[in-house]
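I have placed the structure first, in the form of structure tokens, so that the comments after it can refer back to it.
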Amino acid sequence: MGYGGEAEPVVPLSNVEAMWERLSADEQAVIHQQLEEIQKRDWKTLSIDEKKAAYYVAFGPHGPRAPIDPPGATTKIIFGVSGLIFAAGALFYSIRATAPAPPRTISKEWEEAENERARELKINPISGISSEGYSGPGFVTHK
């Protein structure tokens, strides 16, 4: 392999995609240099294998463009997230089942009594519950 002529490829260019990860850094550099020289020629004269090899070395899923997650990781993530959501729901409903009853002040009757008391005390007479023509719900939040 000399610098004067074209060096014999380490791996046949038709098989670069399959062998790229197993090649040493020096072998990858040699192939990269060979492909740079090949690409200086007219692209119409390049073979399909040479074009594929050039594209793979330039844009293939290796180095910084390698996939982060291995194949099958998506299903593991989906099942893991689904399991966590199910566990959170089970925890939520088990806590709700053992919680004490809500206080007596959280009822529609109590809130309606609060409205009557607010009108008696003339609370917020300008724009609130004691104003003329007020038609809002007041303190009632339950339906």
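Computed from the coordinates by the stated procedures, all read-outs in this text should not be read as laboratory data. Just so you know, these numbers come straight off a predicted model, no measurement behind them. Please note: Cβ atoms are built from the backbone with ideal geometry, for glycine as well, and neighbour counts cover all protein chains shown.
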Open item on the list: Can you compute the helix-only [θ] at 222 nm over the chain? Use -39500 (n - 2.57) per DSSP H run of at least 4 residues, normalise by all residues, nearest 500 deg cm²/dmol.
Closed with: -16000 deg cm²/dmol
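What ranking do 93-104, 31-42 get when scored by the average of other Cβ atoms within 10 Å per residue, highest first? Intermediate values should be presented prior to the final figure.
Values: 93-104: 7.8, 31-42: 13.8.
Put in order of decreasing packing, that is 31-42, 93-104.
Hey, got the dipole for the chain? About the Cα centre, +1 on K and R Cβ, -1 on D and E Cβ, debye to the nearest 20? Mind showing how you got there, number by number?
Numbers: 15 positive and 19 negative charges, 150 e Å.
Here the size comes out at about 720 debye.
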Open item on the list: Less than 18 Å apart at the alpha-carbon level, and either on another chain or at least 8 residues along: which aspartates and glutamates does that give for residue 51?
Closed with: 6, 8, 17, 36, 37, 42
Open item on the list: Per-residue counts of other Cβ atoms within 10 Å, averaged by peptide: what ranking do you get for 71-81, 49-59, highest first?
Closed with: 49-59, 71-81
Open item on the list: Give the lysines reachable from residue 52 as a straight Cα distance under 19 Å; neighbours fewer than 8 places away on the same chain don't count.
Closed with: 40, 44
TODO: Among (i) 53; (ii) 72; (iii) 43, find the value of percent of Cα pairs over 20 Å apart that was calculated from the structure presented, and write down its label.
DONE: (ii)
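Within the chain, which complete DSSP H helices have Cα atoms spanning at least 15 Å along the helix axis and a mean Kyte-Doolittle hydropathy of 1.0 or higher?
Numbers: long enough: 25-39 (21 Å, -0.71); 48-59 (16 Å, -0.04); 73-98 (37 Å, 1.25); 108-120 (18 Å, -2.67).
In the chain, the long hydrophobic H runs are 73-98.
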